[in-house]
Ligand SMILES: Nc1ncnc2c1ncn2[C@@H]1O[C@H](COP(=O)(O)OP(=O)(O)O)[C@@H](O)[C@H]1O
Ligand SMILES: [Mg+2]
C-alpha cells in the first residue's frame, strides 16, 4: 500500500485490537468511511472503468503518470477516478461494473474492477488485527430480487479474500444509522443514488420495512437523453453542474426533460413508500411522529428538497412525520452509517 493509504490506516478507529470500516458499494461510486479522532473520514472512487488495447508504450505512459490500471490479456483496464479522466483523453466510453444497484450481469470485468477499487480504498488489514467491514447492499426490488444474493455474496468474498470480516447492511438502514442518532435510530432513511432509491423504516435501529425502486439518477439521465437526442453522459454532466428542479424553462430542452424525469422519480418513490407503509400488517405501532432523512447524490440539485416536500404534503402517509431533512453530506451518509454499524457490532 502507498503512503497515503498508510496514513489513513493509522487513523482507523481501534477498539480492543479491532478496527471498523464502513463501505458503500454504490452503482456510481464506492465510498469508504473510517474513524479518525471522533470524526469520520471518507474517501471515494468512481465505480467505473475503461479498457484500452494493450501496448508497451501505453502501459509505460500510464505507469509513469501513476494511473490506476491493470493488464488483462491484451487489454489495459483503467479503473476508479482515473477512468473518467482518461475516457476523455482516449475518446472511449466509461463502463460500469454495476447497474441498478447490483453487479452488472452483462459486464465480464465487473468483479475484477470492483475488487481493484475496493483493494485500493481499503488496503489489507494490519497483521494480527481483526478488521470489520460493514458494506451496503440494496433492499430487494421486485425486478432484480434474484440477483441480490449473488451480488451480496460476491462483495463479501472480495472482502474476505482481502482478510476482512465482512457483514452486509441494508443501505436505507445505514442512512438511519448515520443520520438519526437523535431519534434513537427510529425513522425513515432514504438514499437516492444513481442505480436506485433505497428506503428503510427503522424502529430503535431495527429495520421494519425496507424496499428499493430501480429508478434514480441513471434513469433520469437515460430518459432525458432519449427525449432530447443527447448522450446520457452529457446529460449527467449538465445535471450535476447546473440543474435546478424548479420547473420548465422555455427553449431549454435539457432542463425540461430532466425536470420531467426527476419529478417522475420523486412521485414513484413516494407512491411506493405509501404503498409499502400502507401494507398494514407490517406497520409497527408508533407512538410519536418520526423523522425522515434524505441522502445520496440525486438529492443534491437545488429545488429537489422543496419539490419532495410538496409531493410529500399531498401523499397522506400512514405515519406522522416529525421532520423532513437532507443529510449535510449526502454522498457520505451510507458509508458513515455502515461505519457506525460496524463499530457497535
Ligand atoms: N452535484 C450533483 N448534482 C446533481 N446530481 C448529482 C451530483 N452529484 C452526484 N449526482 C448524481 O447522484 C447520483 C450518484 O449518487 P450516489 O449517491 O453516489 O449513487 P450510488 O450510491 O448509486 O453510487 C448520480 O446519478 C449523479 O449524477
Ligand atoms: Mg449509494
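The values are calculated or read from the model by the stated rules, or taken from the named source; none is laboratory data. The structure displayed is predicted, hence computed values, not measured ones. Because the Cβ atoms are built from the backbone with ideal geometry, glycine has one as well, and the counts that use them run over all protein chains shown.
Data overview
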quantity	calculated
Residue list for the stretch 22-39, filter: within 16 Å of ligand 2 (Cβ to nearest atom) and either in a strand (DSSP E or B) or not assigned by TED's automatic domain parsing to the domain that holds residue 167 (or both)	22, 23, 24, 25, 29, 30, 31, 32, 33
Members of the stretch 84-130 that are in a helix (DSSP H, G or I), within 16 Å of ligand 1 (Cβ to nearest atom) and under 20 Å from the mean Cα position of the chain (by Cα)	84, 110, 113, 114, 117, 118, 121
Test: residue in the stretch 261-280 that is within 16 Å of ligand 2 (Cβ to nearest atom) and either at pLDDT 95 or above or surrounded by 20 or more Cβ atoms within 10 Å (Cβ to Cβ) (or both)	yes
Residue identified as at pLDDT 90 or above and under 16 Å from residue 32 (Cα atoms) among 104, 81	81
Hey, residue 70 touching a helix residue (DSSP H, G or I) at 6+ places or on another chain (Cβ under 9 Å), at pLDDT 95 or above, in a strand (DSSP E or B) and surrounded by fewer than 20 Cβ atoms within 10 Å (Cβ to Cβ) or not	no
Candidate set from the stretch 201-230 (those that are within 13 Å of ligand 2 (Cβ to nearest atom) and in contact with a helix residue (DSSP H, G or I) (Cβ under 6 Å, 6 or more places away or on another chain)); member that is farthest from residue 290 (Cα to Cα)	217
Odd one out for residue 173 among (1) more than 14 Å from ligand 2 (Cβ to nearest atom); (2) within 15 Å of residue 342 (Cα to Cα); (3) part of a helix (DSSP H, G or I)	(1)
Filter result for the condition that a residue is over 30 Å from residue 338 (Cα atoms) and not assigned by TED's automatic domain parsing to the domain that holds residue 109, over 77, 67, 71	71
Residues satisfying the stated conditions in the stretch 302-330, i.e. within 13 Å of ligand 1 (Cβ to nearest atom) and buried (at least 20 other Cβ atoms within 10 Å of the Cβ)	304, 327, 330
Count of residues meeting criterion [assigned to a loop (DSSP other than H, G, I, E, B), more than 9 Å from ligand 1 (Cβ to nearest atom), modelled with pLDDT of 95 or more and more than 12 Å from residue 170 (Cα to Cα)] in the stretch 205-226	1
Pick from the stretch 176-200, criterion on the phi > 0 side of the Ramachandran plot and assigned to a loop (DSSP other than H, G, I, E, B), ranking: farthest from ligand 2 (Cβ to nearest atom)	184
Number of the condition not met by residue 233 [criteria: (1) within 30 Å of residue 187 (Cα to Cα); (2) out of contact with any helix residue (DSSP H, G or I) (no Cβ under 7 Å at 6 or more places or on another chain)]	(1)
Near pairs, Cβ below 6 angstrom, 6+ apart or cross-chain, from the stretch 294-308 (without any contact (Cβ under 8 Å) to a residue 60 or more places away in the chain) to any residue that is outside any loop (DSSP other than H, G, I, E, B)	302/244; 303/244; 305/326; 308/266
Test: residue in the stretch 131-153 that is assigned to a helix (DSSP H, G or I), over 29 Å from residue 290 (Cβ atoms) and touching a helix residue (DSSP H, G or I) at 6+ places or on another chain (Cβ under 7 Å)	no
So residue 195, is it in the same structural domain as residue 307 (by TED's automatic domain parsing) and more than 16 Å from ligand 1 (Cβ to nearest atom)	no
Meets criteria (within 16 Å of ligand 1 (Cβ to nearest atom) and closer than 26 Å to residue 215 by Cβ) for residue 79	no
